[in-house]
Each structure stands twice: as structure tokens, then as C-alpha cells.
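A short write-up of the structure that comes next.
The values are calculated or read from the model by the stated rules, or taken from the named source; none is laboratory data. As the structure is a prediction and not an experimental result, all values here were calculated from the model. When we count neighbours, we look across all protein chains shown, and the Cβ atoms used for this are built from the backbone with ideal geometry, even at glycine. When the accessible area is computed, the model is the full protein with side chains, heavy atoms only, and any ligands, DNA or RNA have been set aside. Shrake-Rupley method; radii C 1.70, N 1.55, O 1.52, S 1.80 Å.
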Protein chains: 2
Amino acid sequence: MAGTNRQTVYATLRRKVLTMELQPGAPVSENELAAALGVSRTPVRESLILLAEEGLIQVFPKVGSFVSRVDPVRVADAQFLREAVELTALDDLPTVLDPALLAALDANLSAQDRPGIDLEEFFALDEEFHHGLLQLSGHGAAWATVSAAKGHLDRARRLGLHEASPPTLNAAQHRAILDAVRTGDLTAARAAMRTHLRAVFDDVERIRAQSPQLFASNDGSTPVRRNVVVWD
Amino acid sequence: MAGTNRQTVYATLRRKVLTMELQPGAPVSENELAAALGVSRTPVRESLILLAEEGLIQVFPKVGSFVSRVDPVRVADAQFLREAVELTALDDLPTVLDPALLAALDANLSAQDRPGIDLEEFFALDEEFHHGLLQLSGHGAAWATVSAAKGHLDRARRLGLHEASPPTLNAAQHRAILDAVRTGDLTAARAAMRTHLRAVFDDVERIRAQSPQLFASNDGSTPVRRNVVVWD
DNA sequence: CGACCGCAGCTTGTATACAAGCACACGCAC
DNA sequence: GTGCGTGTGCTTGTATACAAGCTGCGGTCG
């Protein structure tokens, strides 16, 4: 495992943060990660810098690096950004929709409905679905920006889907959106999209009330080592 | 100048790219930059990685790093993103506006009207104005994402203001937006904002016709060393 | 027993050394 | 003259060495 490059290290760390395998508040030492991944500090450090840029990691010089707590402000930001982009994109839907994209979206929805679907698999399909909707209106490239900005939102959503809302509900909302888009009913599409995104946001608020220790405190003051998550 | 840290290096390089001091297509060697800035490769390299993430730098492993050409696709993306965010934010304007923010925006507009204003100074004021508008509706934090995504747009705009549209026109449009916002005329505010953002986009298209060599070609194929900008 | 001071061990930040690979120029063969 | 092969010099990618600093533990003194 010694020949790993930075992209792999970055992808691995990002996945571990987003899937909560690395819990919010947990310390991440460059040396430890390097040893664990079988590489030197350099690619690990460069990956941490990128993750810090996304807000998923907090670096305190000469002290340590820590997985960011889920920041309600950033969650709200990502939610606003996502809603703005996805709703505005609906305005730019062409009159005739790309049949290939529509077919892919249908297949995606079918996969979402599979009975014993895994949580992470559902998440991947969810990402692909929203990305596909953007592509349908010719703004697929904007997804990269949205995706990068919604790391905090994703972590909060995972908590919500873990403990609360079943994927079935989300899948039904997805189908409602696609149906409205396909029939060209822009008003209904916007309403369905808004309902869906707001439901996601409500899930986040609910899980925040249940597990406040995973979220950042009100003030943005420096949370140092004593702030690591201790479960009991 | 040896005690420079990475943030300074990053800020310096980003400024040089955005102001066209480092022209699109120009090669940027880690060693050269390190020597020029009086630091080692490490902070330079880390800065280049961040700039690559923003799309301002292209890194070709074992070959070289180059300032990205202005990519029309990314320009359009940034334009769409910006329009979506700024227009959607107008929907969330509170009934009573923060007086301090309004005063700051007024002062900003006055500064924009100063006769012999410098181009870069106008750009800073422009950024501050749009950021302030977002703050007015409580979504100031979203500006960071927009700002990071619109590097290509900014470079194109700079070209446009250099050679075409005078800052006076932009300042007038800014004032129209703020007036509509202040009087609570949401429809007029959206219209003024849309007019302004579309005018910016038209400037970009015009300058693209004039100086196509600064823009990326249609295909996204690898532009290597022979593709550096040679002026004549 | 409590407060305070100092050192040990960790952290990140920076500089440097080594590895691997591509592009271009030079020279040779035809 | 033209085409091809080889070598040199550059590039980025990775590993390691050194620098500076904060934290927390332990000893010591009051």
C-alpha cells in the first residue's frame, strides 16, 4: 500500500470524514495518518489542506488538526446555496429533455427503490440524481461547486438518515420532482424540489436536537483538544 | 522576505493570477516561484494545489504547471451560480434592513463614483458591494463559495473593464439595485440585479471575441508547453 | 494540600534530498 | 536534407530532516 498517491489519500480521508468514520471533533494527526496509510506526511498534509479548505478539517498551527464539528451555519449556507442553484436551474430547463439523461434518472430512481438498499449506496444515488437534474438544464458543471460546499450538510444528513428519516421518503420526493420536470410543469417542479430540500433541512434540525455534541457551539471560538468528543 | 508563510504566498499568487500579472497559459514553475518569493518549494506547492482546486492553475504531473486559460464553460458556470445565489438571496430580504449595512453600501457606492478611481480599487469595491447585498439578506457566508468559484469570471471581467465597459456604468447599475432594495421593491431589485449580471456577462462575451487567445479552446484536451501564450 | 514552574513529547510549518518521467535538442544514420 | 534515437535538463511527486511552539504532566515549593 506504499504507492498511494495524494488523490487516493484525499479521497480516502474525505470519505472517512463524510461517513462519520472519523467523528466530528476527533484529532487527526498527520503522522498517524501517514503511518496508517503507509505514505509520508507530504500527501497526507496536502490532503488535509484541501479538506480544511472545504471546512471538513480544522487546523490549529503547532497544536493539531481536528475533524470539524457539524457547523449549523455552514449547513444552512450549503442548504441555501443548493436550493438557489437547483431551483434556478429548473428555470433553464429546455423544452425537449435529453432522453438519455431521463433514462438514467429513471434507472437511478428504480435503484433507490430497491428494498434492502445500503445507506451509502443510497447517498451515492441521491448525489447522482441531483447532479443529473442539473445536467438536464445544462448546468451540470455547477454541481462540483455545490458538492464541495455541502460537506457539512452531508454529514448532518447522514446522521438524519441513520437515526430518523427512511430513504423511502426521499425516493418518493425524488420521483415527484422528476415527474413534474418530465411533464414540463415548472411550478410543480419547483414546489416539489422546495419541499424535498426543506424536508432534508428539517431532518438536520431534528438530529441536531438529538445529538448536539456533534455540532459546533454557537460562538466560533477555537475548540482545542479539550473539545474532542467524549461519548460518556 | 524569507519569513513568508503559505497564506501570504497563496494570496500573492492568487492576486497575480486574477490581475493578469501572470497571464493565462504562462508556465509557473514551483522552483522559480520559490526562488522569486524567497521561500522553499513547500509553501509554493501547497498554494498551487489550492489554486488548482479553484481552477486557476493547471498542473500536469512531471511536465509543469500553467496558469489556466479563461475557460468559457467555467465563466458561464460562475455566472449562473452567482446569479442563482444573488437573486435567490433577494427573496430572503428582511422587512427592516440593517442600517449599518445600508450605510456601508452607500459609502461603497460613493467611493465607486470617485472620478479617477483605479481599476483594482473599483474591483475591490464591487466585491464588497455584492457581498454586502448578500449580508443584507442574511446569507453573507455564501459569498465565500461564490467568490471561490468565480476566478475565471473575474479574470474575464478584468479584461472587459480594461478595454471596454467603463466602471461608471457598473456603478450606476449598482445604485439602481440598492435603490430598489431599499424601497422594498423586490421585482425591481431582481430586474436590476439581472440586468447588471447579464451586462457583466455580455462584457465577457465581447472581450472573448476580441482576445480569443486568452480563452481555452473548445475541447478540454491537454494544453502543454507549446500552448503557452506567445504574443507575436 | 494547593499553586506554580519547567521540561518532555507531541503538534504543524518549512526546508531539503531523492525519485520518476516527459519534452526538447542534438547528433547520427540513411 | 530528413527522420529517428538517445541523452540532458527540466518538471512535479514523495520522503525525510529540521525548526518553532503549544499542551499537559510531574516535580517542587510555599
Of the residues that sit in region B:31-48 and are touching an Asp or Glu at 6+ places or on another chain (Cβ under 7 Å) and under 21 Å from B:T19 (Cβ atoms), which one is farthest from DNA strand D (Cβ to nearest atom)? B:V44
Matching option when the condition is among the β-branched types (V, I, T), within 14 Å of another protein chain (Cβ to nearest Cβ) and either without any contact (Cβ under 8 Å) to a residue 24 or more places away in the chain or buried (at least 20 other Cβ atoms within 10 Å of the Cβ) (or both), among A:V146, A:V200: A:V146
Of the residues in region B:47-60, those that are within 16 Å of DNA strand C (Cβ to nearest atom) and surrounded by fewer than 17 Cβ atoms within 10 Å (Cβ to Cβ) come to B:V59, B:F60
So in region A:96-132, with the set limited to residues that are of a type in the set (D, E, K, R) and assigned to a loop (DSSP other than H, G, I, E, B), which one is farthest from A:T19 (Cα to Cα)? A:D98
Residues of region A:30-41 satisfying the condition of being within 9 Å of DNA strand C (Cβ to nearest atom) and open to solvent by 80 Å² or more (accessible area, probe 1.4 Å): A:N31, A:E32, A:R41
B:L93: passes all of (1) part of a helix (DSSP H, G or I); (2) within 14 Å of chain A (Cβ to nearest Cβ) but (1)
Per the list (1) touching a Gly at 6+ places or on another chain (Cβ under 8 Å); (2) farther than 26 Å from B:S147 by Cβ, residue check on B:R41 breaks on (1)
Evaluation of B:P72 against (1) at pLDDT 95 or above; (2) more than 10 Å from chain A (Cβ to nearest Cβ) (one fails), failing number: (1)
Of everything in region B:167-197, what is in contact (Cβ under 8 Å) with a residue 60 or more places away in the chain and outside any helix (DSSP H, G or I)? Give them in sequence order. B:G184
Is it the case, given these coordinates, that A:L22 is touching a residue at least 40 places away in the same chain (Cβ under 8 Å), in contact with a helix residue (DSSP H, G or I) (Cβ under 8 Å, 6 or more places away or on another chain) and open to solvent by less than 70 Å² (accessible area, probe 1.4 Å)? yes
Looking at this structure, is B:D118 of a type in the set (D, E, K, R) and within 14 Å of chain A (Cβ to nearest Cβ)? no
More than 30 Å from B:A176 (Cα to Cα) and away from DNA strand D (no atom under 16 Å from the Cβ): is that true of B:A89 in this structure? no
How about region B:13-36: which of its residues are of a type in the set (S, T, N, Q) and within 19 Å of B:R69 (Cα to Cα)? B:T19, B:Q23, B:S29
Residue satisfying condition, being within 16 Å of DNA strand D (Cβ to nearest atom), under 24 Å from B:R6 (Cα atoms) and at pLDDT below 95, within set B:G55, B:G64: B:G55
Lone qualifier among A:E86, A:E53 - being part of a helix (DSSP H, G or I) and assigned by TED's automatic domain parsing to the domain that holds A:S147: A:E86
Considering region A:66-119 alone, what residues qualify as being acidic (D, E) and open to solvent by 60 Å² or more (accessible area, probe 1.4 Å)? A:D91, A:D92, A:D98, A:D113, A:D118
The conditions are (1) within 14 Å of chain B (Cβ to nearest Cβ); (2) open to solvent by 30 Å² or more (accessible area, probe 1.4 Å), and A:E127 fails exactly one of them. Which is it? (1)
Selected residue [modelled with pLDDT under 95 and over 14 Å from B:G151 (Cβ atoms)] from B:T19, B:T4: B:T4
